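The values are calculated or read from the model by the stated rules, or taken from the named source; none is laboratory data. Quick caveat: nothing in here was measured; it's all calculated off a predicted structure. Note that each Cβ is placed from the backbone with ideal geometry, even for glycine, and that neighbours are counted across all protein chains shown. These area figures cover heavy atoms from the full protein model, side chains too; ligands, DNA and RNA do not enter into them. Shrake-Rupley method; radii C 1.70, N 1.55, O 1.52, S 1.80 Å.
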Amino acid sequence: MTRYDGDLERTFAALPPAHGRGFAQTWWGQAWLRALEETALDLGQLKTGRRLARAGGVGAVSVRPGRITAVVQGRDSTAHRADVLLEELTVDQWDRFLDMAVERAGHVAALLDREMPPHLVEDAAATGIELLPGMGDLEPECGCEAWDHCGHTAALCYQVARLLDQDPFVLLLMRGRGERDLLHDLQARSTATAADRPEPSDASARSDAEGVDAAEAYATGDMLPPLPVPPELPAEPGTPPSLDTETPAGPGVDPGALEFLAACSAVEAHRLLAQALRADPEQHLIGTELRLDHDAVRLAAGSPAAGVAERLVDGSGRGREGLATAVRAWQVGGVAALSVLDEEWTVEGETLARARAALESAWDEDDRPALRAKGNRWTVVGAPGQLRLGRDGRWWPYRKERGRWAPAGGPAQDPGTALAAVRLADEERA
């Protein structure tokens, strides 16, 4: 629950404990934590902060321009007021930010969807504005009188990362502007920009047939009639036409396989419509043409009849059990999940350093499982669980079943969250 005290202070109720999950799932939340972890001189205090935040030791968080505040209860039950300071943007910097945002309407739309696109941060940086904090930007103040980040201020920062995941406007408030004031200023600036444009000449009027400038279209958007209501999503995919005719099939044509392909096409059309209507979260994108063996897995996920299923087993080259495992991977993550299932690769350099850091911070020292590493796979010693690192940096949970490693759930940015999916699968099978 959030309470607004004017537009320049927001108070967030204490969040529940965060056992078994990472503190930041979004890229901007992770950037916030990097600023903390690159600043703090005592790694032990960071671990203490994670432990306090996970245990629910951070009270209600107050966010104001230049400052975040909370009362944090330590392991000895002593409570201290913790503050973390972040420099506000100047009036000139805000003016440049507003000018940039008005010119790029997509940035505002993303913020309203509680997203912070990388291009927004990059475009702001190009005008000399650093939205996200860097090393040394998060200045701690605590009632325990520590001179650097202590467990209390670290716990506050870890908790705020969860708030930033939910709403990037929290960061903009820390930088000096509340959401309502910011949107009001953007609207006023957009209206003024539109009013200052000269009347179109006859030549420019003739060019309307060739298109309209995007900034002009956005500025006059509230003058246009509303879009029609989107059509409702049908309850289920349509039924393909029957092939049951008296005409015999041509040479090499399998009517059963053809009917199955038609039914798969209807299901895929229904999924794409659901995606377009935002009625169903997309599980996987097919951004490029599928390989034949991957397409065999996609088709096998459609529950084909026995004859077609056998052909898919042969076409996939995986065998019956291997294809069943691949179908499970497809259902949790599409092509990306199939790549994680099939590929074992060597993790090196910066990627390895990031992986080790993620594994180090995912659990408290007392809770950390023993892991044996091989390539991009970390196997839990003495348990049927495994973590696989995808090339995109996400962690995929795997569980050993009947001597074969199989996906246990979808990917996660945090290895602790991924491994929790393996334990949940064990509990459901028990």
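Sort Ser303, Ser62 by heavy-atom solvent-accessible area, probe 1.4 angstrom, most to least.
Ser303, Ser62
How many nm is it between the label spots at Ala274 and Leu371, if each spot is 7 Å from the Cα in line with the beta carbon?
Computed distance between label sites Ala274 and Leu371 equals 3.2 nm.
Given the peptides 75-82, 316-323, arrange them by the average over their residues of other C-beta atoms within 10 Å, most packed first.
Top of the packing list down: 316-323, 75-82.
Across the stretch 106-176, how large is the tail of the calculated P(r) beyond 21 Å, expressed as a percent of all Cα pairs?
Of all Cα-Cα distances in the stretch 106-176, 35 percent exceed 21 Å.
Could you tell me the distance between the Cα centroids of the stretch 286-356 and the stretch 40-86, to the nearest Å?
Cα centres, the stretch 286-356 to the stretch 40-86: 44 Å.
Computed on alpha carbon atoms, what radius of gyration and Dmax characterise the stretch 370-426, expressed in Å?
10.1, 29
Can you give me the solvent accessible area of His270 with a 1.4 Å probe, rounded to the nearest 10 Å²?
The value for His270 is about 40 Å².
Given a cut-off of 18 Å, what percent of all Cα-Cα pairs of the stretch 305-430 lie beyond it?
54
Order the following by accessible area, largest value first: Lys400, Lys47. Probe radius 1.4 Å; ligands, DNA and RNA are ignored.
Result, largest first: Lys400, Lys47.
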